[in-house]
Amino acid sequence: TRSKSTRFDLKTYWTTLIADINHKLNEAVPVRYPELIYESMRYSVLADGAKRASPVMCVAACELFGGDRLAAFPTACALEMVHAASLIHDDLPCMDDDPSRRGQPSNHTVYGEDMAILAGDALFPLGFQHIVSNTPSDLVPEARLLRVITEIARTVGSTGMAAGQFLDLEGGPNAVEFVQEKKFGEMGECSAVCGGLLAGAKDEEVDRLRRYGRAVGVLYQVVDDILEEKKNGKDENEKKEKKGKSYVKVYGVEKAIEVAEKLRSQAKQELDGFEKYGDGVVPLHSFVDYAVDRSFSL
Amino acid sequence: EQKEESGKPSFNFKTYMVEKAESVNRALDAAVSLKDPITIHEAMRYSLLAGGKRVRPVLCVAACELVGGSESLAMPAACAVEMIHTMSLIHDDLPCMDNDDLRRGKPTNHKVFGEDVAVLAGDALLSFAFEHLAVSTVGVEPSRIVRAVEELARSIGSEGLVAGQVVDIHSEGLSDVGLEHLEYIHLHKTAALLECAVVLGSILGGGSDSEIEKLRTFARYIGLLFQVVDDILDVTKSSQELGKTAGKDLVADKVTYPKLMGIEKSKEFAEKLNRDAQEQLVGFDQEKAAPLIALANYIAYRQN
């Protein structure tokens with residue numbers, strides 16, 4: 001297959017970008033007066049062990065079309081900011097009531113509910129501000145920036161991730177596909193699309209990235225659910241009950257594996273449309289394989 | 001009851017406000033339609049269309065027209081500013097923040113839709129404000145829209161609204177809060193968004209840098225003025241007259257201008273801010289400046 005022939009080293013590619021992104025995020029959210037809000041924002045944005053999957057996908061999509069990664073970094077950072085904002089709000093007692101996130105106390109556990117709400121409210125606009133203030137104007141025309149802003153705003157908004165969170169809380173029957181698409185697919189879609197937009201991809205290429213990113217976003221989550229199930233066994237799963245829906249919970253492991261396979265081939269099929277870009281498409285392929293294989297840990 | 005001495009006699013402020021507020025309301029109604037999931041959009045519309053005086057959007061449109069733009073150039077920005085204003089009210093009213101049951105004379109968003117939906121509706125309004133500004137602004141060059149996006153973002157985040165709210169929360173019960181500190185809170189909590197409204201209007205209307213900066217200073221003064229008057233009304237008016245809980249600042253042990261300088265001095269300060277604000281408008285065409293002059297007077301002399 002492609003990944004064998006090109007000997008592309010995803011781990012190096014990814015870890016290098018994680019270091020870059022972390023460095024830029026650290027600069028993008030400084031501590032100034034009033035310190036507490038900045039500390040609260042930094043706590044979530046700079047949490048240890050973040051995989052930075054969205055920013056890395058954004059950079060990879062931008063580079064596919066010959067875009068400079070310097071053009072993509074501000075948007076890549078913004079994706080992490082708005083994502084962190086969503087997660088901070090999702091964890092609140094009145095929402096998922098989650099005292100921890102990625103093994104650390106969640107934002108409101110440390111800073112209180114009021115600061116957690118405000119940290120989220122500050123991170124959303126900071127994301128937009130970061131894009132328009134820091135994207136090199138010689139690399140990206142302003143009209144493209146406006147499309148990126150629009151894409152991100154729609155993704156986190158009332159028909160995107162907020163909709164997913166709402167339907168998740170509401171817990172309607174058989175909504176798992178929809179909830180997963182909204183909560184996880186949207187972010188993957190947005191990350192890939194923004195990379196393409198920044199590099200000036202054509203509309204049909206952006207559409208292809210859209211379908212690719214959405215499939216990969218959901219694929220990650222489905223595989224996470226499967227791995228979780230395998231690791232914990234049935235008893236442990238009880239405590240996951242109120243925390244969002246999973247394919248595994250609704251359909252069982254067998255069916256979830258089937259779904260994962262389908263998403264994998266969907267994502268790959270979309271990438272076939274980028275053949276003319278040669279090896280540039282390899283990083284995007286490797287994300288799909290990694291989502292399924294988890295061949296290394298980050 | 002409206003003071004008209006500084007406006008041209010031909011300018012009817014009441015009619016102006018009613019007409020502008022109506023077009024803002026129509027634009028808001030059209031911008032946020034009822035779609036799936038219905039509940040979130042209902043919650044967004046519940047607070048966004050709850051009336052309100054539309055001071056911010058009207059300021060935005062008036063500033064746009066003052067520098068030679070038409071209403072339509074600024075309307076998406078005007079709506080965006082009102083969406084942000086509404087969003088901040090929804091989140092401020094939450095139990096873990098100010099814990100308010102009443103807003104604009106109606107039950108607060110979380111009282112009707114629950115806290116979870118109120119948080120999401122606020123978040124959705126916040127992001128939609130940016131989407132609307134970016135997508136629906138027509139007839140303005142992208143560089144000016146980008147500048148507007150940056151201005152909007154800066155005024156609501158940790159350098160703006162949120163900063164004011166954070167410092168405000170941590171000032172409750174403090175005994176040594178001085179004027180400078182109080183001014184920080186209000187410049188961020190209240191003035192930032194009024195400033196943003198005026199600056200967005202002047203950017204999108206095609207204003208020059210010096211016009212934009214003059215209007216920014218104007219807006220900063222009336223932003224502070226807005227809060228001083230708010231503080232005065234909180235101690236002098238009833239809940240019914242205000243359409244929100246009166247005397248709240250006293251109960252919450254909040255620092256206010258009347259508390260720091262007394263009612264009379266606060267009123268004098270308000271007068272001075274209004275004068276300083278209007279001085280910024282001297283270099284503009286006075287006929288075109290009439291709405292902003294009247295708006296400043298309205299903010300100074302309003303009764304609720």
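Read-outs throughout are calculated quantities, based only on the coordinates presented, and are distinct from any laboratory measurement. Since we're looking at a predicted model, the values are computed, not measured. When we count neighbours, we look across all protein chains shown, and the Cβ atoms used for this are built from the backbone with ideal geometry, even at glycine.
Can you give the average number of partner chain beta-carbon atoms within 10 Å of each beta-carbon in peptide B:113-122, as a whole number?
Whole-number average of other-chain Cβ neighbours for B:113-122 is 6.
B:Lys35 versus A:Gln269, label points 7 Å from Cα toward the beta carbon: distance in nm?
2.6 nm
Does the range B:58-120 classify as rounded, prolate or oblate by the C-alpha gyration tensor (a ≥ b ≥ c root eigenvalues; a/c under 1.5 gives rounded; else a/b over b/c gives prolate, otherwise oblate)?
Verdict is prolate for the range B:58-120.
Less than 14 Å Cβ to Cβ from A:Leu139, Lys/Arg counted +1 and Asp/Glu -1: what total charge do the surrounding residues give?
Here the count lands on -2.
Summing +1 for each Lys or Arg and -1 for each Asp or Glu, what net charge is found among the other residues whose Cβ lies under 14 Å from the Cβ of A:Val259?
Residues near A:Val259 contribute -2 overall.
Summing -39500 (n - 2.57) over the DSSP H runs of n ≥ 4 in the protein assembly as shown and dividing by its residue number, what mean residue ellipticity at 222 nm do you reach, to the nearest 500 deg cm²/dmol?
Calculated at 222 nm, the ellipticity per residue is -23000 deg cm²/dmol.
Taking neighbour counts of Cβ atoms within 10 Å as a proxy for exposure, in what order, fewest first, do A:Asp207, B:Asp123, A:Asp168 appear?
A:Asp207, A:Asp168, B:Asp123
Given C-alpha coordinates of the protein assembly as shown, what is the ratio Rg to Rh with the Kirkwood estimate of Rh?
1.00
Mind checking which helices in chain B clear 27 Å along their axis (Cα) and have mean Kyte-Doolittle hydropathy of 0.0 or more, DSSP H runs only?
Result, helices passing both filters: B:71-92, B:115-136, B:209-236.
Given the options A:Val288, A:Val193, A:Val253, state which has the largest fluctuation in a GNM of chain A using a 10 Å cut-off (strictly under) for Cα springs.
Answer for the Gaussian network model of chain A: A:Val253.
Rounded to the nearest 0.05, what FRET efficiency do A:Ser133 and B:Ser208 give with R0 = 22 Å and r taken as the Cβ-Cβ distance? Could you check?
Approximately 0.50, to the nearest 0.05.
If you build a Gaussian network model of chain A, linking Cα atoms that sit under 10 Å apart, which residue out of A:Ser133, A:Ser191, A:Ser40 swings the most?
A:Ser133
Exposed loop sites here are trypsin sites (Lys or Arg not before Pro) in DSSP loop states with at most 16 other C-beta atoms within 10 Å. What is the longest stretch of chain B lacking them?
B:105-236
Quick one: of B:Lys14/B:Lys53; B:Lys248/B:Lys272; A:Lys24/A:Lys51; A:Lys262/B:Lys35; B:Lys106/B:Lys237, which pairs are farther than 22 Å apart, Cα to Cα?
Beyond 22 Å: B:Lys248/B:Lys272; A:Lys262/B:Lys35.
Note the direction-averaged projected area, equal to a quarter of the hull surface, for the Cα convex hull of the range A:29-172, in nm².
9.4 nm²
Let me confirm one metric for peptide A:81-92, namely the mean number of other chain beta-carbon atoms within 10 Å of its residues' beta-carbons.
That average works out to 2.
Counting partner chain Cβ atoms within 10 Å of every residue's Cβ in B:168-177, what's the average?
Mean shielding by partner chains, rounded to a whole number: 1.
Comparing A:Val222, A:Val140, A:Val45, which has the greatest mean-square fluctuation in the GNM of chain A with Cα pairs linked when under 10 Å apart?
Its mean-square fluctuation being the largest, the pick is A:Val140.
Less than 15 Å Cβ to Cβ from A:Arg69, Lys/Arg counted +1 and Asp/Glu -1: what total charge do the surrounding residues give?
Taking every other residue near A:Arg69 into account, the sum is -2.
From the Cα gyration tensor of chain A, with a ≥ b ≥ c the square roots of its eigenvalues, which class applies: rounded if a/c is under 1.5, or else prolate if a/b is larger than b/c, or else oblate?
oblate
Dividing the Cα radius of gyration by the Kirkwood radius, what Rg/Rh value follows for chain B?
Result: Rg/Rh = 0.95.
List the aspartates and glutamates whose alpha-carbon lies under 16 Å from that of A:Lys255, not counting same-chain residues fewer than 8 positions away?
List returned: A:Glu177, A:Asp224, A:Asp225, A:Glu228, A:Glu229.
Shape of the range A:84-234 from its Cα gyration tensor (a ≥ b ≥ c, root eigenvalues): rounded if a/c is under 1.5, otherwise prolate when a/b > b/c, or oblate?
oblate
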